[in-house]
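Every read-out reported here was derived from the displayed coordinates using simple, explicitly stated rules and does not represent laboratory data. Note that the coordinates shown come from a computational prediction; the quantities given were computed from them, not determined experimentally. Positions of Cβ are generated from backbone atoms using ideal geometry, with glycine treated the same way; all protein chains shown enter the neighbour counts.
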Amino acid sequence: MARRAGAETYPARLRKSAHRVRSTLRRSGVDYFRGDGSDWIALAGLLLVIPAITCATLADPVWCAPTMLVLPIVAGGLLLRPASLLGLYAAAAAALIVESIWLGPYENGPARVTPGTVLTVAACGFFGLILAQFRARVGVPWRRGGTMLFDLRERIRVQSSLPRLPQGWHREMSLRPAGGQSFSGDFVVAARTHGGRTLEAVLTDVSGKGRDAGSRALLLSGAFGGLLGSLPPHGFLPAANGYLLRQDWDEGFATSIHLVLDLETGDYELLSAGHPPALQLHAGSGQWEEMAAEGPLLGVYDGAEFDPVKGHLAPGDVLMLFTDGLVEASDRDIAEGIDRLTGEADRYVATGFEGAAWHLIEACAKDVNDDRALLLLSRKS
């Protein structure tokens with residue numbers, strides 16, 4: 001009874017009320033930061049800032065000029081939805097009217113509301129409204145836009161990771177987007193099938209480069225990852241070609257090369273859709289061989305056929321798959337690029353090609369304004 005009476009005292013009830021208010025504000029703030037809640041907190045805060053700036057301007061217009069009203073307007077363009085933004089603009093317009101009346105005509109001296117002040121505030125409001133309407137149309141608040149792009153980039157990176165291989169095999173891959181961007185039109189999907197005995201890997205180069213091709217690469221990498229292992233190896237590229245045709249993109253083509261490798265015997269098949277040839281290093285002779293399969297680009301016409309080429313990786317052999325950005329440039333053809341790539345790759349024969357993928361891109365195509373990708377597989381002797 002005494003504990004219950006103590007809980008019902010005025011200070012206790014006040015503490016409970018304060019706790020509920022804090023919890024409500026915290027939940028509202030978290031929802032707003034995530035873009036799921038109302039923007040009334042930000043609107044209320046900015047509406048309080050406007051009269052504070054107005055009072056400071058009326059008190060000392062030299063240190064707090066009338067153009068200071070652009071600060072809540074810019075913040076509103078980043079924080080508020082279009083409907084709330086119009087209310088903020090109405091308050092800013094009212095503040096400008098009050099300031100102009102209180103300070104007098106701008107011909108009477110400096111630190112007054114001039115036509116330039118009005119134009120500056122109106123221009124900031126116009127661009128803020130455009131930004132708010134764009135966010136509302138996309139449906140992504142500015143606070144989550146960077147997070148969403150980061151998640152997309154990480155999804156492409158995770159989907160392009162190679163599965164672990166059994167002892168006696170080494171694999172590595174390197175992707176380098178054009179212009180140092182975070183998104184690339186080159187991607188890899190790979191999986192171990194048939195109980196883990198077979199490695200299937202698909203290296204694809206989507207038309208375009210960088211961010212322009214990144215969204216299509218993300219969509220295709222998800223679709224290709226679902227197809228890989230769900231179809232017989234010879235059915236993958238025809239299914240991928242049909243999927244790309246159904247998208248009806250303006251730039252709807254892509255090149256792709258599909259590797260099907262038996263991890264127990266070293267036998268493999270390559271199927272290509274307009275992709276540069278693979279390169280195999282024969283450990284016995286020390287020579288590189290081009291493994292070129294025949295097939296048209298993906299997304300060009302229906303009913304395309306893809307003829308495989310077969311090979312075998314003996315102990316010590318190396319197989320490289322790459323995109324054209326690594327070997328082709330405006331000042332050289334693909335044959336010269338392949339010669340340079342194989343020449344640089346010869347330096348890693350003694351070290352077993354550990355860490356070679358990144359260094360080969362750095363040596364052969366460091367400053368090329370195109371997406372570059374290199375997938376390297378070696379069978380240890």
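Looking at the square roots a ≥ b ≥ c of the eigenvalues of the Cα gyration tensor of the range 293-354, which shape do they give, rounded for a/c under 1.5, prolate if a/b is larger than b/c, or oblate? Present the calculation step by step, with values, prior to reporting the outcome.
On the way: a/c = 3.28, a/b = 1.41, b/c = 2.32.
In terms of gyration-tensor shape, oblate.
Within 10 Å, count the other beta carbons around each residue, average over each peptide in 95-107, 69-81, 188-200, and list them highest first.
My ranking of the peptides, most packed first, is 69-81, 188-200, 95-107.
So, how do all the Cα-to-Cα distances of the range 230-315 break down into 5 Å bins, in percent, from 0 on up?
The percentages, shortest bin first, are 3, 14, 22, 21, 15, 10, 7, 4, 2, 0.
Mind listing the phi-derived Karplus ³J(HN,Hα) values for the range 184-193, rounded to whole Hz, using 6.51, -1.76 and 1.60 with θ = phi - 60°, and x for any glycine or proline?
Listing the rounded values in order: 10, x, 9, 8, 10, 10, 8, 7, 9, 10 Hz.
For the range 341-381, what is the convex hull (Cα atoms) projected area averaged across all directions, in square nanometres?
Approximately 3.0 nm², given one-decimal rounding.
Show the residues, 5+ positions off or on another chain, whose built amide H is closer than 5 Å to the amide H of E172.
Counting only residues 5 or more places away or on other chains, the set is L376.
Packing-wise, with mean Cβ within 10 Å as the measure, how do 310-319, 226-235 rank, highest first?
310-319, 226-235
Could you name the aspartates and glutamates whose alpha carbon sits less than 15 Å from that of K310, not counting residues in the same chain fewer than 8 places away?
E200, D262, D267, E269, E289, E290, E294
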